[in-house]
Amino acid sequence: MSVTLKEVAERAGVSRSAVSRTFTHGASVSDSMRLRVEKAAAELGYTPNALASSLTTGRTRLIGLVSNNFHNPIFLEVFDLFTRGLQERGLRPLLVNLTNETDPANSVKMLQQYSVDGVVVASSTLTPAFSQAFRDARIPVVHSFGRHSSSPQVHVVGIDNVECGRMAVREFAARGYTRVGFLGGPETATSTQDRYQGFIAEIAGHPAIAHSSSFADAYSFEAGRREMLRLLQSDPAQAYFCGDDVLSIGALSAVQDANLTVPDDIGLIGLNDMEMAGWENINLTTIHQPIKQIISSSIELIVAMLDDPERYPEARLFPSMVVERGTLKPRL
């Protein structure tokens with residue numbers, strides 16, 4: 001049988017409410033009382049019941065962690081950093097898979113059933129409407145990797161995807177490419193749209209560079225490989241901005257299977273700088289996204305919102321940079 005709160009109170013010679021306050025985050029209890037209760041709890045092997053505590057405080061300390069692309073290996077790192085970061089602050093992550101979900105109302109209803117204290121939407125493809133639906137339901141929310149806005153309706157933490165598209169074109173120009181391509185993720189994804197917008201805007205300033213564009217049906221290895229195989233059937237570009245590392249790795253596989261070499265025959269640049277991008281057999285030139293900083297900042301904001309749900313929404317933008325490896329020709 002589990003040790004009860006009553007037994008701890010009797011051992012410590014205090015009331016049950018004193019024991020409850022001792023193990024309730026933020027509750028008022030004297031240092032001497034805390035020591036007596038913790039000593040009794042340790043002697044009895046008592047572990048506080050988090051669910052029971054939530055009935056007393058009205059706070060579950062559950063944070064919904066929402067994403068919709070579990071096929072992309074980058075999210076293994078994202079989930080690892082998020083779950084550890086939340087747990088270090090005494091919060092409990094609740095992982096929610098929204099793959100193929102199109103109605104934000106369904107997501108809000110699901111998380112309301114678990115009485116979450118807050119939500120982090122960790123997605124570069126879900127529209128702002130998803131995170132705004134949680135705000136409208138009065139659930140504290142932060143959109144990580146979301147679309148940047150100068151006047152956000154919810155807290156948004158991420159990178160400037162438009163600028164990343166521009167960066168890729170500048171790298172192509174610096175290396176002497178004259179025919180380049182944009183190989184993006186799904187056209188409906190906000191990250192794809194913004195990266196493409198930057199790509200096209202920068203290309204306009206380089207009239208000597210011809211360009212093409214195509215889109216994969218997902219941010220996945222298979223989708224990147226499939227789209228590159230299709231492109232190789234006609235007249236491929238000299239280099240491609242794939243818009244995501246996992247798409248780039250799929251494209252790399254297709255190029256190699258066609259008995260072509262990277263970067264001599266076709267150059268590639270990705271985005272994210274995921275761990276496997278640096279593996280020796282991949283060695284992908286890419287645009288670094290500061291994932292650790294984005295996640296740390298997102299957790300900081302959601303924790304602040306638990307104390308101040310009406311905190312004014314802000315957009316936190318982190319800079320990106322090109323990581324030079326081996327899938328583009330050297331600069332001229």
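Scanning region 133-149 for residues that are out of contact with any strand residue (DSSP E or B) (no Cβ under 7 Å at 6 or more places or on another chain) and among the small types (Gly, Ala, Ser) yields a count of 2. Scanning region 230-266 for residues that are among the hydrophobic types (A, V, I, L, M, F, W, C), part of a loop (DSSP other than H, G, I, E, B), under 30 Å from the mean Cα position of the chain (by Cα) and within 22 Å of Val162 (Cα to Cα) yields a single hit, Cys242. Here Asp235 does not qualify as surrounded by 14 or more Cβ atoms within 10 Å (Cβ to Cβ) and charged (D, E, K, R). Restricting region 238-281 to residues that are β-branched (Val, Ile, Thr) and buried (at least 19 other Cβ atoms within 10 Å of the Cβ), the residue that is nearest to Thr178 (Cα to Cα) is Ile266. Set side by side, the residues Asn72, Asn49, Asn100, Asn68 differ, and just one is closer than 30 Å to Ile287 by Cα and at pLDDT below 75, which is Asn100.
The values are calculated or read from the model by the stated rules, or taken from the named source; none is laboratory data. Computed from a prediction, not measured in an experiment: that's the story for all the values here. Because the Cβ atoms are built from the backbone with ideal geometry, glycine has one as well, and the counts that use them run over all protein chains shown.
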